[in-house]
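The values are calculated or read from the model by the stated rules, or taken from the named source; none is laboratory data. Because the structure is predicted, anything quoted here is derived from the model rather than measured. Here the Cβ is made from the backbone with ideal geometry for all residues, glycine too, and neighbour counts use every protein chain on show.
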Amino acid sequence: MNKNERPFIKSMFDTIAPWYDFLNRFLSLRQDVSWRRKAVKSLGLDEKNPKILDMACGTCDIGLEILRQNNSAHITAADFSWEMLKFSKKKISIKNKSKNFSLISSNALFSPFKNEIFDGVTIAFGIRNIVNRQKALENFYFSLKKGGKIAVLELTTPENRFLKSLYLLYFLKILPFIGGLFSKNYHAYSYLPESVINFPSSRDFLKIMKNAGFKNVKYKNFTFGICTLFTGEK
Ligand SMILES: C[S@@+](CC[C@H](N)C(=O)[O-])C[C@H]1O[C@@H](n2cnc3c(N)ncnc32)[C@H](O)[C@@H]1O
């Protein structure tokens, strides 16, 4: 484990993997589905057989959305949680999509991918868990082809003060209780608000993307700013 990583993250995601999809839909009131849809749309996957890296793939919801929008895509879905990958393997096989996926056990900080091989890179709700975000983004940049696009989807805190206080009430009190009740991992669902609150402001995150090499970096808020899509190009 690298000093830039929090040691409990991997085991935490291993434990919550069986409940992950259910809790995502329930706790976000299914907003997560439309956020992922918009993130994938931003890649503009019109060409045939695009090759996409989905880092921190979790249970492959982004990969499956990519195929919904372009069924000729090939997705390299990478994560460092074995349980998430095991769950994904079953899920994509039930949906008969295994041939469109390569599932890879990989840490975003030690990316094994070659230079300029992907047409697009996505990371959804993963970058806030990585301490050395710039290093991860540099790795994504390296493996992206020239002109390729990146979509980073992340939970954020609303800027409006009234909405922010309502949101923090839900996020700090209600969500850890419900998440912990189902997953039996109260720590994971208390860590979630903490990691979102500590995520940099959208403008500061764009600076990190620029420092990693990306151009045309932009962000777009969804659902009163509780989720933000960051995009950029190589
Ligand atoms: C909140 S889940 C998001 C899963 C999925 N992308 C989604 O849209 O639901 C975060 C995922 O990031 C993975 N992760 C966290 N840090 C990672 C790292 N350094 N390298 C690879 N995966 C990581 C976790 O194992 C977990 O599956």
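Observations on the model:
- Near pairs, Cβ below 6 angstrom, 6+ apart or cross-chain, from the range 119-145 (small (G, A, S)) to any residue that is more than 8 Å from the ligand (Cβ to nearest atom) and not in a helix (DSSP H, G or I): G120/L43; G120/I52; G120/G148; G120/K149; S143/F113; S143/I117; S143/F118
- Selection count where residues are part of a loop (DSSP other than H, G, I, E, B) and modelled with pLDDT of 95 or more, scope the range 5-44: 3
- Of residues in the range 103-113 being crowded, with 19+ Cβ neighbours inside 10 Å and assigned to a loop (DSSP other than H, G, I, E, B), the one farthest from the ligand (Cβ to nearest atom): F113
- Qualifying residue in the range 214-223 (condition: assigned to a helix (DSSP H, G or I), surrounded by 14 or more Cβ atoms within 10 Å (Cβ to Cβ) and free of Cβ contacts under 8 Å to residues at least 60 places away in the same chain): no
Rundown of residues vs (1) over 20 Å from the mean Cα position of the chain (by Cα); (2) outside any loop (DSSP other than H, G, I, E, B); (3) not small (G, A, S), yes/no style:
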residue	(1), (2), (3)
V121	no, yes, yes
V131	no, no, yes
G148	no, yes, no
Y170	yes, yes, yes
K173	yes, yes, yes
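- Only listed residue being over 18 Å from A73 (Cβ atoms) and either among the polar types (S, T, N, Q) or at pLDDT 95 or above (or both), chosen from N107, N96, N100: N107
- N160 vs. criteria surrounded by 17 or more Cβ atoms within 10 Å (Cβ to Cβ) and in contact with a Phe, Trp or Tyr (Cβ under 9 Å, 6 or more places away or on another chain): no
- Neighbours by Cβ (under 8 Å, 6+ apart or cross-chain): first from the range 74-87, within 6 Å of the ligand (Cβ to nearest atom); second among the charged types (D, E, K, R): F80/K10; S81/K10; S81/D14; M84/D14
- Among the residues of the range 64-102, the one identified as assigned to a loop (DSSP other than H, G, I, E, B), of a type in the set (A, V, I, L, M, F, W, C) and within 18 Å of the chain's Cα centre (by Cα) is F80.
- Residue match in the range 140-157 (condition: more than 16 Å from the ligand (Cβ to nearest atom) and small (G, A, S)): yes
- Just one of the numbered conditions (1) of a type outside the set (K, R); (2) touching an Asp or Glu at 6+ places or on another chain (Cβ under 6 Å); (3) within 12 Å of the ligand (Cβ to nearest atom) is not true of P50: (3).
- Cβ pairs under 6 Å, 6+ apart, first in the range 28-44 and within 9 Å of A151 (Cα to Cα), second among the small types (G, A, S): A39/A151; S42/A151; L43/G120; L43/A151
- Criterion: more than 19 Å from M55 (Cβ to Cβ) and more than 21 Å from the chain's Cα centre (by Cα) - qualifying residue of S202, S165: S165
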